[in-house]
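Bear in mind that the values in this text are calculations on the coordinates, not laboratory data. Given the structure is predicted, the values throughout are model-derived calculations rather than measurements. Glycine also receives a Cβ, built like all others from the backbone with ideal geometry; neighbour counts cover every protein chain displayed.
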Amino acid sequence: MTAYARIDSIMRGLRARLPPFIRLVSAGVLGVSLQTGTSVQGHAGEVQPGLTLAIAGQAETVFSKARNACDPLDIPDAPARALRTASGTVQLYASHLQNRRLVGPDLLNLSTDCRVVFQGNERDDPAAFDDRAWIASLYTPDGQTIFAAIHNEFQGHRRPALCPSGQYMDCWYNAITSAVSHDEGKHFSRTAAGSDLIAALPYRYDEVTGHHAGYFNPTNMVLDKGKLFMMVFATEARAQKPGNCLLRTDRISDRTAWRGWDGHGFDVTFVDPYAISEAKDAHVCAPVGAAQLRWPVTSLVRHEPTGLFIALMMNGAHDGGVFYATSPDLIEWSSPIKLMDGLGEGAYRCGDSAPIAYPSLIDPRSTDRNFMTIGQSAELFFTRFNMTGCRTSMDRDLIRIKIAISPGKN
């Protein structure tokens, strides 16, 4: 099965719901057997990770829709991201299209802040890149100013004149935009109205409509040799190949400074497809680790004791689960190892354990203000779908479970 076919299979389960991120879902953790350390077989020349990750605790609820939601749309709908502010608080973001935070003295003691800190303006023009928006990646240099990379959806199916089929997946046009907060996350604003693109396909909505297209789901940012990196997932669109693209910047305050990996170096510049007409195919990125990073990456961290980067992925098939791979340089990756069994929302069958989504690793003891690093243990955060009969709904909880990390192969 090709990389595109895998992501398309994962995403078929999205057709009937108000969607934010590509659905990357694993099986329910509560009340099921968790198998760890299973390697994906069948690929010659695989390099095994130099780390072993294993479940080392019981699942705990961080946010309950039933108990903690501020309104019906307040649900955990993106991978969890955390940072420490200048005033000493910890903030965790895992929000829906009305972006809110959890705030507390540390990562393990958080409560809901009901203020909406950011949301898209639901503009009807795809060229505006300002329909619906999810805070997906964050970086603060000082705990006061916070820069954000935004998963930005134009949902054409809500505009009948622009989407004859009326199907969400046929008319989903995605880009990565930027936002900034100057008050420790109390409010985010677009960095420059009408010109806040970080990365978009070099093709207009009408040039790729008919299937979901664009750059999706930015991971959290990690620092290496003075530069910030994040991954975004690209679907196949004209010259753009499907897979996980690696982006780099040395000036986080300048959204135009991001560059994409082209297979040899970070020489891909991203452009506004509505502002150029020539040489569009030159502005697409080359996915990294295509044979190893077989599903969209949802989390990046660096293991301080070894210096290895860890990527989390989700195979949403019925026999899938949460996987991890490691890399010394973010370019060359080990083969994926299963951290736990699971299935995606789209693979759920009546009687299965509740599906989950959006795995991410965060170490409460990290000394990094942006929680980019982990040590001998970390918390695996994910969203659990609470079933109503045999159907999923907007009833979801944010769950965490302790993970042990040790050097050495499984």
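Could you tell me which residue out of Ala213, Tyr168, Pro202 lies farthest along the dipole of segment 145-214 toward its positive end? Charges go on the beta carbon: Lys and Arg +1, Asp and Glu -1, centred on the Cα centre.
Projecting each Cα onto the dipole axis, the largest value belongs to Tyr168.
Report, by chain and number, residues whose modeled amide H sits under 5 Å from the one on Asp363, excluding near sequence neighbours (fewer than 5 apart, same chain).
The answer is Glu379.
Rounded to the nearest 500 deg cm²/dmol, what is the calculated helix-only ellipticity per residue at 222 nm for the chain, with -39500 (n - 2.57) per DSSP H run of length n ≥ 4?
Numbers: 3 runs with 17 residues, N = 410.
Taken over the chain, the calculation gives -1000 deg cm²/dmol.
Based on DSSP loop calls and a cut-off of at most 16 other Cβ atoms within 10 Å, the longest stretch of the chain free of exposed GluC sites (Glu not before Pro) is what?
With GluC sites (Glu not before Pro) excluded where exposed in loops, the chain gives 123-277 as its longest stretch.
Determine the dipole magnitude for the chain: charges of +1 sit on the beta-carbon of Lys and Arg, -1 on that of Asp and Glu, nothing else is charged, the reference point is the Cα centre, and the result goes in debye to the nearest 20.
That gives a dipole near 600 debye.
Can you work out ³J(HN,Hα) from phi for every residue in segment 261-275, in order, using Karplus 6.51 cos²θ - 1.76 cosθ + 1.60 and θ = phi - 60°, giving whole Hz and x for Gly and Pro?
For segment 261-275, the Karplus curve yields 6, 10, x, 9, x, 9, 10, 7, 9, 9, 10, 7, x, 8, 10 Hz.
Arrange the peptides 169-177, 258-266, 86-94, 396-404 so that the one whose residues have, on average, the most other Cβ atoms within 10 Å appears first.
Going by the mean number of other Cβ atoms within 10 Å, highest first, we get 169-177, 396-404, 86-94, 258-266.
Can you find, among Gln240, Ala149, Trp258, the residue sitting farthest towards the positive end of the charge dipole of the chain, where Lys and Arg contribute +1 and Asp and Glu -1 at Cβ?
Ala149
For P(r) over Cα pairs in 10 Å bins from 0, in percent, the listed values are [x] 4, 22, 31, 24, 13, 4, 1, 0, 0; [y] 4, 19, 25, 20, 14, 10, 6, 2, 0; [z] 5, 25, 36, 27, 7, 0; which was obtained by calculation from the structure presented?
[z]
Could you go through segment 287-294 in sequence order and give the Karplus-derived ³J(HN,Hα) for each residue, using 6.51 cos²θ - 1.76 cosθ + 1.60 with θ = phi - 60°, rounded to whole Hz, and x for Gly and Pro?
Here the 3J(HN,Hα) series is x, 9, x, 4, 7, 9, 8, 7 Hz.
Could you state the number of Å between the C-alpha centres of segment 386-402 and segment 112-143?
24
Which whole-angstrom value gives the distance between the alpha carbon centres of segment 341-376 and segment 214-232?
Between the Cα centre of segment 341-376 and that of segment 214-232, the gap is 18 Å.
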